[in-house]
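The values are calculated or read from the model by the stated rules, or taken from the named source; none is laboratory data. Not measured: the values here are computed from a predicted model. For neighbour counting, all protein chains shown are included, and Cβ atoms are generated from backbone atoms with ideal geometry for every residue, glycine included.
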Amino acid sequence: MAEDTPGAPDVLNLVAGGVRPSEAAAAVRRPDVVPLEVCPRAFIIQPSLVNIYVLETDDGLVMIDSGLATDADAVFAAVRGRFDAPLHTVVFTHGHLDHAFGLRRFLDAGERPRIVAHENVTRRFDTYMRTARLNSLVNKRQWQLPFLPWAPSTPGDFIWPDVTYRDALDLRIGGERFALRHAKGETDDHTWVWVPGRKLLASGDFFCMTMPNCGNPNKVLRYPEEWADADEEMAALGAEIMLPGHGQPILGSERIRSGLLEQAEFLRSIVAQTLAGLNAGLRHDEIARSIRIPEHLADLDHLQPTYDRPEFIARNVIRRYGGWFDGYAADLLPAAGEEIAAEVVGLAGGTDQLVARARELAETNLALACHLAEWAYLANPDDPHARACVVEVFTRRADADPSLMSKGVYMRLVRTADGSYEPESEDAPSQPGPGAP
Ligand SMILES: [Zn+2]
């Protein structure tokens with residue numbers, strides 16, 4: 001599947017291509033973004049990481065998703081620089097930071113669109129308030145972006161939906177039917193939107209031109225089987241235009257159908273392999289390492305691990321169906337990590353020996369080298385050789401892995417070891433900070 005419309009640079013492709021996330025973040029920020037016409041009366045706005053869609057109707061504008069809080073000025077300027085019609089209805093495809101927080105300028109300007117979302121979006125917002133600091137830490141680690149440590153923490157930080165629904169909701173706007181359908185996938189609060197009169201499907205994050213974000217090591221449970229069900233349901237619609245939450249719009253019914261079905265097959269394959277591993281009594285790490293992507297799917301553009309990874313999806317399936325015990329008896333009630341590290345250093349004959357072996361292994365087995373480097377550092381975090389080794393080995397590991405989530409975890413350790421990591425403040429800020437775009 002290829003891209004049909006020209007658009008903004010994509011943060012995942014930049015990062016997968018070797019650009020550091022903080023530089024990629026600068027590259028994708030577009031304060032002067034303008035709406036681009038995807039097809040008659042449907043426009044895409046790409047202010048940073050996410051897509052916002054504006055559909056003209058005879059009753060006014062329908063907006064699908066709204067962007068990050070830090071996109072608010074750009075989105076407002078883009079919409080009001082192009083359209084005079086009132087904002088009639090806004091649909092949040094889900095309550096993530098990049099989809100449901102960009103409407104503030106419209107509200108401040110006195111606009112009062114109807115805001116529609118699945119009922120779990122309000123539950124998500126309640127959870128976000130209880131876990132604001134956690135979300136701040138996790139987003140900073142995952143993205144390494146200057147504007148994502150912000151986490152909403154008070155009711156006023158959220159834009160609350162006016163209308164919520166449970167399974168399905170049909171809206172009639174400007175004489176057209178907008179069919180909102182709920183399914184679980186990346187989240188439990190997702191909506192996809194089908195406009196049959198236009199053969200137009202807004203998929204939310206069910207389709208993003210990257211491997212499904214269905215195993216994220218930093219986040220709550222995902223739903224691969226329900227995601228595949230939703231893919232198959234959307235594939236049967238006969239959509240000719242698909243508007244994804246990230247990446248470029250897809251035009252052409254066959255490409256849309258095959259893309260969705262390929263994604264469903266990809267997810268079902270990982271689930272089946274994982275369940276087979278669980279049923280065979282394998283340890284969790286054995287299952288994750290055993291996952292193989294079917295050959296005819298492995299090279300497809302829209303299933304590349306630029307964000308998530310198949311191994312992480314397997315871990316998510318394990319979490320759903322099994323307990324957290326990983327199969328290693330010593331891990332049930334383990335010794336402290338630093339204690340294990342110090343013992344290994346002692347057995348190796350000292351930090352320098354462990355560091356030397358880590359460097360040697362890095363040439364042939366980066367995964368194994370990472371264990372040794374991390375032990376050397378954990379045992380002696382002030383030892384300059386251990387620090388240099390962890391920086392070297394984990395930077396290589398990050399560079400070798402296309403997944404932004406992997407890079408985030410590895411580079412967090414690198415930046416701690418080289419002293420460049422800025423610790424978060426103790427309190428999650430209640431507003432995007434002054435450094436935010
Ligand atoms: Zn998203």
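Computed quantities for the displayed model
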read-out: Selection from segment 234-249 of residues that are more than 16 Å from the ligand (Cβ to nearest atom) and farther than 8 Å from L200 by Cβ; value: M234, A235, A236, L237, G238
read-out: Residue selected from segment 270-306 under the condition surrounded by 14 or more Cβ atoms within 10 Å (Cβ to Cβ), closer than 27 Å to H246 by Cα and of a type in the set (A, V, I, L, M, F, W, C), by the criterion nearest to the chain's Cα centre (by Cα); value: L303
read-out: Listing of helices (runs of 4 or more DSSP H) fully contained in segment 241-354 that carry 2 or more residues being small (G, A, S); value: 253-279, 284-290, 337-348
read-out: Residue in segment 123-140 that is in contact (Cβ under 8 Å) with a residue 40 or more places away in the chain and part of a loop (DSSP other than H, G, I, E, B) present; value: no
read-out: Evaluation of L103 against (1) touching a Gly at 6+ places or on another chain (Cβ under 8 Å); (2) of a type outside the set (S, T, Y); (3) within 16 Å of the ligand (Cβ to nearest atom) (one fails), failing number; value: (1)
read-out: Residue under evaluation G327, criteria (1) closer than 21 Å to K219 by Cβ; (2) in contact with a His (Cβ under 7 Å, 6 or more places away or on another chain); (3) not β-branched (V, I, T), criterion not met; value: (1)
read-out: Condition check for E111: more than 16 Å from the ligand (Cβ to nearest atom), more than 22 Å from the chain's Cα centre (by Cα) and in a loop (DSSP other than H, G, I, E, B); value: yes
read-out: Members of segment 259-270 found to be small (G, A, S) and closer than 12 Å to M234 by Cβ, listed by number; value: G259, A264
read-out: Tally of residues being of a type in the set (A, V, I, L, M, F, W, C), touching a helix residue (DSSP H, G or I) at 6+ places or on another chain (Cβ under 9 Å) and not in a helix (DSSP H, G or I) across segment 188-235; value: 11
read-out: Residue satisfying all of: in segment 59-68; within 14 Å of the ligand (Cβ to nearest atom) and touching a residue at least 60 places away in the same chain (Cβ under 8 Å); farthest from the chain's Cα centre (by Cα) among these; value: I64
read-out: When residues of segment 75-100 are limited to those that are part of a loop (DSSP other than H, G, I, E, B), more than 24 Å from the chain's Cα centre (by Cα) and among the hydrophobic types (A, V, I, L, M, F, W, C), the one nearest to the ligand (Cβ to nearest atom); value: F83
read-out: Selection status of A117, small (G, A, S), modelled with pLDDT of 95 or more, away from the ligand (no atom under 16 Å from the Cβ) and not in a loop (DSSP other than H, G, I, E, B); value: no
read-out: Looking only at segment 299-323, and only at residues there that are charged (D, E, K, R) and in contact with a helix residue (DSSP H, G or I) (Cβ under 8 Å, 6 or more places away or on another chain), the one that is farthest from P249 (Cα to Cα); value: R315
read-out: Scope segment 367-382; condition surrounded by 17 or more Cβ atoms within 10 Å (Cβ to Cβ) and either more than 20 Å from I340 (Cβ to Cβ) or over 29 Å from the mean Cα position of the chain (by Cα) (or both); matching residues; value: L372, W375, A376, Y377, L378, A379, N380
read-out: Hits in segment 316-333 - residues which are surrounded by fewer than 20 Cβ atoms within 10 Å (Cβ to Cβ) and within 21 Å of N213 (Cα to Cα); value: R319, R320, Y321, G322, W324
read-out: Meets criteria (more than 16 Å from the ligand (Cβ to nearest atom) and within 22 Å of the chain's Cα centre (by Cα)) for D162; value: no
read-out: Sole residue being surrounded by fewer than 19 Cβ atoms within 10 Å (Cβ to Cβ) and among the charged types (D, E, K, R), chosen from R123, R141; value: R123
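Okay, residues lined up against (1) within 12 Å of the ligand (Cβ to nearest atom); (2) touching a residue at least 60 places away in the same chain (Cβ under 8 Å); (3) surrounded by fewer than 24 Cβ atoms within 10 Å (Cβ to Cβ):
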position: G185; (1), (2), (3): yes, no, no
position: D188; (1), (2), (3): no, yes, yes
position: P196; (1), (2), (3): no, no, yes
position: N213; (1), (2), (3): yes, yes, yes
position: N216; (1), (2), (3): yes, yes, yes
position: L221; (1), (2), (3): no, yes, yes
